[in-house]
Amino acid sequence: PDAPLLAPSLLSADFARLGEELQMLESTGAQVVHVDVMDGRFVPNITIGLPVVEGLRKATALPLDCHLMIVEPLRYAVEFVKAGADWVSVHQEADPHLNRTLAAIRQAGAKAGVVLNPGTPVETLVDLVGDFDFVLLMSVNPGFGGQSFIPRVLDKVRRLDALRTERGIPFLIEVDGGVSLKNAADLVRAGADCLVAGNAVFKAPDPRTAVSGLLGEMAK
Ligand code: DX5
Ligand code: ZN
């Protein structure tokens with residue numbers, strides 16, 4: 001299989017210096033940039049919107065992975081693709097019409113993903129396999145960076161990995177929340193292809209060293 005991907009989350013970056021933070025990331029070996037979009041309704045926090053994504057797009061060639069923590073994601077998903085997102089994911093819990101939303105994202109030209117909160121079983125996706133390009137498993141309750149990793153996600157990764165093998169339909173498994181040097185190797189061994197890391201990168205004394213440490217764990 002391909003080398004696992006690391007997606008640093010800009011939520012923990014310095015919002016006054018996003019361009020410099022992106023340049024720093026480009027020099028690290030991290031392959032994807034994770035962008036947390038929150039609307040103050042699906043989650044109790046408001047963060048980044050379309051104009052910021054447009055700005056990020058101009059400032060980096062790295063793929064932008066937009067994690068939409070918003071109600072009624074179909075209203076905005078295609079707009080995020082137009083703003084420059086390469087990957088767009090929407091929460092299962094926020095969307096009664098996932099098949100429609102995922103198709104719209106793909107048609108707009110981006111990879112389409114479904115996000116599951118810690119309490120949402122992976123089995124809710126069995127009838128959507130083939131309709132998404134990736135699944136993002138939350139290993140914290142969405143809304144804030146810097147929370148503790150919920151270890152039960154490891155079992156969810158294994159069950160999703162089994163599901164794709166059984167169906168013979170490929171999709172990526174991404175994990176988000178509390179990822180650190182302590183759990184990165186276990187997550188990849190369980191079947192994760194992409195790890196999001198906010199605090200573990202941007203609150204580290206040296207983010208470059210933090211990225212190489214995480215990539216080293218992921219290669220174990
Ligand atoms: C949480 C966000 C995460 C967050 C991860 O709602 O979806 O992407 O930035 O931050 P850490 O790695 O600090 O848990
Ligand atoms: Zn996220």
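A compact table of results
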{"read-out": "Options HIS67, LEU195, VAL115, ranked by Cα towards positive dipole end of the chain, top entry (Cβ charges)", "value": "LEU195"}
{"read-out": "Lys, Arg +1 and Asp, Glu -1 on Cβ, resulting dipole of the chain about Cα centre, debye, nearest 20", "value": "120"}
{"read-out": "Under 5 Å, built H, 5+ apart or other chain: amide partners of VAL32", "value": "LEU6"}
{"read-out": "Simple spin-label estimate for ALA16 and ASP127 in nanometres, 7 Å along Cα-Cβ", "value": "5.1"}
{"read-out": "R0 of 25 Å, Cβ-Cβ distance LYS203-VAL52: FRET efficiency to nearest 0.05", "value": "0.75"}
{"read-out": "Separation of the GLU166 and LYS182 label points, Cα + 7 Å toward Cβ, nm", "value": "3.2"}
{"read-out": "Fluctuation leader among VAL126, VAL153, VAL196 - the chain, Gaussian network, Cα springs under 10 angstrom", "value": "VAL126"}
{"read-out": "Lysine pairs in the range 5-218 with Cα atoms under 19 Å, if 8 or more residues apart or on separate chains", "value": "4"}
{"read-out": "Linear extension gain, VAL71 paired with GLN147, 0.36 nm per residue minus alpha-carbon span", "value": "25.1 nm"}
{"read-out": "Euclidean distance of C-alpha centroids, the range 1-25 and the range 192-213, integer Å", "value": "8"}
{"read-out": "Calculated log₁₀ intensity ratio I(q)/I(0) where the Debye formula runs over C-alpha points of the chain, q = 0.07, 0.15, 0.17 Å⁻¹", "value": "-0.18, -0.92, -1.22"}
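Every read-out reported here was derived from the displayed coordinates using simple, explicitly stated rules and does not represent laboratory data. In this text the structure is predicted, and so the values were computed from the model without any measurement. In this analysis, Cβ positions are derived from the backbone assuming ideal geometry, glycine residues included, and neighbour counts consider all displayed protein chains.
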